[in-house]
1. Whole angstrom only: what separates the Cα centroid of segment 80-94 from the Cα centroid of segment 332-347?
2. Report relative contact order for segment 197-300 in percent, whole number only (criteria: Cα-Cα under 8 Å, sequence separation at least 6).
3. Using a 1.4 Å probe, what is the accessible area per residue for the chain, in Å²?
4. Could you look at segment 61-153 and say what percent of its accessible area is carbon and sulfur, using a 1.4 Å probe and all protein chains?
5. How large a share of the accessible area of segment 192-262, in percent, is made up of carbon and sulfur atoms when the probe is 1.4 Å and the other protein chains stay in place?
6. Arg359 label point, 7 Å along Cα→Cβ, cut-off 14 Å on backbone N: hits in segment 318-339?
7. Rounded to the nearest 10 degrees, what's the angle between the helix 82-113 long axis and the longest principal axis of the chain, both from Cα atoms, 0 to 90?
8. Shape of segment 39-122 from its Cα gyration tensor (a ≥ b ≥ c, root eigenvalues): rounded if a/c is under 1.5, otherwise prolate when a/b > b/c, or oblate?
Amino acid sequence: MPQDVFSRKRVAQRGRNLLLQELRETCERARLGGFFYPVAALLAFAAAGLPQRPWHAATVVGALLLLAVARCLIGPSGAPDVGEARRKLRLLWGVVLATTAVWGAFSAWTFVALGEPAPLVALLFSGAFGMALSHTMCMRTTPAVVAILCVMVPSQAVLWASDSRWIALMWMVYMLYMLMVLRRSHREYRARLELEEDLRQQRDLFERQSQVDGLTGIANRREFGAALLRAVDSLVPGRAISLLIIDVDHFKRLNDSFGHRAGDACLVALAKRLREHFAEPGDVPVRLGGEEFGVVIEATAADAFRRAERFRGALAAEPMQALDRPVTVTVSIGCGQFDPARHEDADAFYGDVDSALYRAKQAGRNRTEHA
């Protein structure tokens, strides 16, 4: 894969990964806090005496319980796309805001409709919920700020209207402190999230570099060994695995005539043609090293031989561009099918096909030989 294409894909993948991680963490944290709201409402009603307002208690606790269950039902699917992740985040924050709005209205209502100590119980829980939101629901600042305001402002308004001005002022200071904590928590959350993603991407980049040839962008010898071993180990009756080993003819002469930069350009162009020609499911084109390439194919020896000959003929018939000059390149190919009766393991199979390549070169080059 060309480096610029890979870089663009990395940037797109980074954004997707950050969004999906945010969705997962928002779901987990929302589930954790959802059921505390109906419990808190039940305790407030119990403090005032449940028999006094059983229908009010059932309505408020039931509504908060349903919202808590809704939080648990919203979650990412197996492999959500960016659009689905954004929709689920909006839906989840909608449920969180509905929960805080119901709680805020209830906490204010307790001052009017329920006797002591129910208002104090609701007030204390409002402070706890507001601080919990500033710490745990800090993934997005705007909905988190709205949620904190929904929890805190109704009680503050009632306190101010009931001549408890000093308590209302204290409540305002506490709310401002929550918003400051939310801002700091959000910065720390984003820094952690981005650091974890950077580490994941760095790991993936190192893994890719360990599997991909730096010059041509196709798989390298290490990945070839793993791919060949997987193919041989997964072989079942009715399935065939073949191998092509391809060597550029007279590559040293090409380097001596046109220079090493032209030689490298030819190898890059050859790898591109390999990717285009061997692009069926199960095809694994690789650069083995120097001017030698290989292809693992899910095909019989006869099919692999036909495909190898088509590739060889097309390559010889159409010159490649190397530093703006046409260069005709031919290749010699060894071709073989894995046979458990003949090949003890993948190494023996590779050695058999490599011997076929040697015979192709000894027989005059620009030809394909069966193992």
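The values are calculated or read from the model by the stated rules, or taken from the named source; none is laboratory data. Nothing here was measured: the structure is a model prediction, and the numbers come from that model. Please note: Cβ atoms are built from the backbone with ideal geometry, for glycine as well, and neighbour counts cover all protein chains shown. Protein only, heavy atoms only, side chains kept; ligands, DNA and RNA dropped before computing areas. Shrake-Rupley method; radii C 1.70, N 1.55, O 1.52, S 1.80 Å.
1. 51 Å
2. Values: 118 pairs, mean separation 38.3, N = 104.
Relative contact order, segment 197-300: 37 percent.
3. Averaged over the residues of the chain, the accessible area is 51 Å².
4. In segment 61-153, the share of accessible area belonging to carbon and sulfur is 73 percent.
5. Numbers: 2160 of 4000 Å².
For segment 192-262, the apolar C and S fraction of the accessible surface comes to 54 percent.
6. 333-337
7. Once rounded, the angle reads 10 degrees.
8. Values: a/c = 4.09, a/b = 2.87, b/c = 1.42.
Taking the square roots of the gyration eigenvalues as a ≥ b ≥ c, segment 39-122 is prolate.
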